[in-house]
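Inspection log for the structure reproduced underneath, given as structure tokens.
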Amino acid sequence: MLRLSASVVFIGVLLSACGGSRDEPFNPSDPDDPEPTPVTVTTLFTGTEPFTLIEFEGKRLQVATELDDYYQMIDAYTDQPITTPDFSSGQVVLYDGGVVDDSLCAHKLILRRVDAQNIAEGVVEVTLEYENFQPQSDPECGDEVIEVRPFEFFYVHSRDELVFAERVQGVRSGSSGGNRNDDTDEDEDSEGSDADDPAGF
């Protein structure tokens, strides 16, 4: 009888050590981090030829959190009147694609979509999705280079800290003469191609 009681006590200790007793029931569908929630992104201005000469040739992202920074950014890209954003409830992001060859015979990544979502307390992730444009083999393709500098200003409706992610949605091929095939191949991280998405940029 004494041996049986000792066994019961030992099993009770093991259950307690292994989580046999909980203050709250375990629920695997209730993670500690909240589910991401969408954040609205609004396009303010797009172009391919900045108003002033920009010596830096590469791609860049820049964030303006106040009006003075915004004016300094946008004055280099356009002299057109632009609606002033509300910096009390959001911030402006500049996407500068750098100098690229816009001919149909050149490979390029084309920005098609920008989304944002809250991923943690006080943090918004901005995702830039690109189309992977692959030129077809074409004997008519020569050495012609069409240099452009695609850029976009977009307004993120949040004052939280911004982090950025980039991904390629698919592949589109083109040939000289203006013909483009919209057949797309999904990459490993893609859920589908947004090349024809009317909400894309």
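Taking the criterion of being closer than 20 Å to VAL126 by Cβ and among the polar types (S, T, N, Q), the residues of region 49-89 that qualify are GLN62, THR65, SER88, SER89.
If you scan region 107-166, which residues turn out to be over 26 Å from TYR77 (Cβ atoms) and of a type in the set (D, E, K, R)? Let's see the steps before the verdict.
The first filter runs over region 107-166 and keeps only residues over 26 Å from TYR77 (Cβ atoms), leaving 117-123, 134-143.
Selection gives GLU121, ASP138, GLU140, ASP143.
Given the options PHE201, PHE87, name the one that is aromatic (Phe, Trp, Tyr), surrounded by fewer than 19 Cβ atoms within 10 Å (Cβ to Cβ), touching a strand residue (DSSP E or B) at 6+ places or on another chain (Cβ under 9 Å) and at pLDDT 70 or above.
Values: PHE201 fails: at pLDDT 70 or above.
Checking each option against the conditions leaves just PHE87.
The values are calculated or read from the model by the stated rules, or taken from the named source; none is laboratory data. The structure displayed is predicted, hence computed values, not measured ones. Every residue, glycine as well, gets a Cβ built from its backbone with ideal geometry; the counts of neighbours run over all protein chains shown.
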